[in-house]
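Right, one structure below, let's go through it.
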């Protein structure tokens with residue numbers, strides 16, 4: 001499968017304001033879908049800080065906005081088709097690449113999740129890492145949450161890792177990584193952090209390495 005080349009976003013004066021408004025709107029929709037909050041105003045108030053964070057990412061404000069919008073579309077497709085898919089399938093979205101994780105009940109459910117993911121506008125790649133298995137229950141969920149939280153913290157405090165460019169998910173003791181590494185050395189550090197975590201059984205890596213700038 002051909003992959004779309006990684007490009008950088010270069011904001012200009014004409015579209016900066018519209019990008020900000022678009023980002024704020026996406027953040028508001030995400031907040032409304034994800035939790036019961038005190039309305040859209042609260043999400044927009046925090047949009048300034050979030051936009052600043054997004055600008056630091058390799059995918060830039062436009063990339064973060066597009067991925068957030070794509071995640072909303074995917075959640076809508078999954079919940080509209082089968083609530084079990086929405087509850088059981090984990091979604092990681094980075095630069096149009098969709099990583100599906102979690103444990104579903106049947107092969108048909110797994111195939112349907114992949115089909116729905118490909119049907120969403122803006123999807124460049126679908127990575128299927130869903131398992132057909134029973135849930136690990138509250139204990140398994142708590143352990144996976146612990147792994148994810150600890151790994152994110154380790155990456156955040158590693159001065160040689162741009163943690164903002166990585167998405168982390170843990171399912172049944174398997175850690176899934178997706179994002180963009182500055183170079184091979186950084187990716188190796190991230191992998192070592194993941195492998196060194198307690199309760200981690202396996203690390204699955206879908207991180208791409210940043211391409212060096214082209215010579216003029």
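Read the figures in this text as sums done on the coordinates, not as results from a lab. Just so it is clear, the model here is predicted, and its values are computed rather than measured. All Cβ positions, glycine included, derive from the backbone under ideal geometry; neighbour counts span all protein chains shown.
On full extension of the chain, what length is gained from residue 111 through residue 182, given 0.36 nm per residue of separation minus the C-alpha to C-alpha distance? All intermediate terms of the calculation are to be shown ahead of the outcome.
Numbers: separation 71, 0.36 × 71 = 25.56 nm, distance 3.36 nm.
Residue separation times 0.36 nm, minus the Cα-Cα distance, leaves 22.2 nm.
With r as the distance between the Cβ atoms of residue 138 and residue 81 and R0 = 41 Å, compute the FRET efficiency 1/(1 + (r/R0)^6) and round to 0.05. The pair residue 81/residue 138 has a calculated efficiency of 0.95.
Would you work out if the range 137-209 is rounded, prolate or oblate? Take a ≥ b ≥ c from the square roots of the eigenvalues of the alpha-carbon gyration tensor; rounded if a/c is under 1.5, else prolate when a/b is larger than b/c, oblate otherwise. Note, shape of the range 137-209 comes out prolate.
Each of residue 206 and residue 149 was given a label point 7 Å from its Cα along the Cα-to-Cβ line. The distance between the two points is 2.5 nm.
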